[in-house]
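Read-outs throughout are calculated quantities, based only on the coordinates presented, and are distinct from any laboratory measurement. Since the model is a prediction, treat every value here as computed from it, not as a measurement. For neighbour counting, all protein chains shown are included, and Cβ atoms are generated from backbone atoms with ideal geometry for every residue, glycine included.
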Amino acid sequence: MKSISTAVVVVTISALAAGMSGCASPDYQARQAEANNTVMGAALGGVLGGVLGNNMGDGRNQVLGAVLGTALGGWAGNQYGKGQDQTHNRIAALEQAQSTVTVMVHNSNGSYTPVVLRKYGNEFVGPRGEYYTLLPGDTQLRPIYGF
């Protein structure tokens with residue numbers, strides 16, 4: 001009975017340590033989801049590792065199995081969280097690309113200046129915060145962004 005309580009303590013401490021591991025996402029919600037995945041993976045890995053460690057050999061491997069299971073489960077949960085974060089970032093980039101329009105402004109020396117406009121409803125907003133009710137053309141943007 002004492003070895004079971006020791007295993008529970010080790011699994012809990014290991015899960016908390018794995019859960020406090022740093023996440024790479026700059027977004028708070030994505031970091032939180034990644035941390036939750038790490039903790040869940042560590043907890044599941046610890047339980048499975050404890051069960052496997054207890055059932056392998058003479059039963060003295062329970063704590064070692066729980067620690068190894070926690071470490072591997074935490075790593076797997078963290079990797080899953082990173083994959084989810086990357087998917088979230090790709091979707092956000094695609095949504096941003098759909099809500100922007102780039103107008104090429106022809107300059108007096110023959111070069112072009114790209115002006116990225118964001119679409120909000122039926123209006124467009126320029127890089128300096130100016131609003132346009134219709135999509136502005138080259139001639140309308142040249143005095144502001146061209147030379």
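Distances longer than 16 Å among the Cα atoms of the stretch 99-145: what percent of all pairs is that? Each step should come with its number before you reach the end.
Values: 320 of 1081 pairs.
That tail contains 30 percent of the Cα-Cα pairs.
Which FRET efficiency, nearest 0.05, do Phe147 and Leu64 yield, Cβ-Cβ r, R0 41 Å? Could you put the intermediate results ahead of the total?
Working: r = 70 Å, r/R0 = 1.70.
E between Phe147 and Leu64, to the nearest 0.05, is 0.05.
Using the Karplus curve 6.51 cos²θ - 1.76 cosθ + 1.60 with θ = phi - 60°, what ³J(HN,Hα) values do you get for each residue of the stretch 89-104, in whole Hz, with x for Gly and Pro?
Whole-Hz 3J(HN,Hα) from phi for the stretch 89-104: 5, 5, 5, 4, 5, 5, 5, 5, 5, 6, 9, 10, 9, 10, 10, 8.
Measure off 7 Å from each Cα along the Cα-to-Cβ vector at Ser108 and Leu135, then give the distance between these two points in nanometres to one decimal.
Going from the Ser108 label point to the Leu135 one covers 2.9 nm.
Quick one: if the Förster radius is 35 Å, what FRET efficiency do Gln86 and Arg118 give, using the C-beta to C-beta distance and rounding to 0.05? Please report the intermediate quantities before stating the final value.
Working: r = 24 Å, r/R0 = 0.69.
E(calc), rounded to 0.05, equals 0.90.
Taking every pair of alpha-carbon atoms in the stretch 64-130, give the share separated by more than 16 Å as a whole percent.
Numbers: 1501 of 2211 pairs.
Summing the P(r) of the stretch 64-130 above 16 Å gives 68 percent of all pairs.
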